[in-house]
Amino acid sequence: MTICPLTFYGLARSEKEREMTKEDLREVRAMFNLTLEGLAKELMVGDPRTVRRWEAGESKIPGSVARLCD
């Protein structure tokens, strides 16, 4: 069984405060010592470059990412 690294994020934030920043995403990835590929796999994102774009601020992080493991 895989434990999603974003579980704590969904539990720590209220419904109004779900928007995840690029810094939040980087912190989660670092906390769980995941590569871009590893985080993409946990989030069921097909392309690790998508995670890189989120972390770089090139693309907005979808709200579904923060809610994925609620």
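The values are calculated or read from the model by the stated rules, or taken from the named source; none is laboratory data. Computed from a predicted model, the values in this text were never measured in an experiment. Here the Cβ positions follow ideal geometry from the backbone for every residue, glycine too, while neighbour counts run over all protein chains shown. Just the protein is used for accessible areas: all its heavy atoms, side chains included, with ligands, DNA and RNA removed. Shrake-Rupley method; radii C 1.70, N 1.55, O 1.52, S 1.80 Å.
Among the residues of this structure, Thr2 does not count as one that is closer than 21 Å to Ser59 by Cα, open to solvent by 50 Å² or more (accessible area, probe 1.4 Å), out of contact with any Ser or Thr (no Cβ under 8 Å at 6 or more places or on another chain) and modelled with pLDDT under 90.
Close Cβ contacts (under 8 Å, 6 or more residues apart or on different chains) running from residues in the stretch 45-60 that are closer than 15 Å to Glu19 by Cβ and of a type in the set (A, V, I, L, M, F, W, C) to residues that are open to solvent by 50 Å² or more (accessible area, probe 1.4 Å) and not in a helix (DSSP H, G or I) comprise Trp54/Lys60.
Taking the criterion of being surrounded by fewer than 12 Cβ atoms within 10 Å (Cβ to Cβ), modelled with pLDDT under 90 and in a helix (DSSP H, G or I), the residues of the stretch 5-29 that qualify are Leu11, Ala12, Glu15, Lys16, Glu17.
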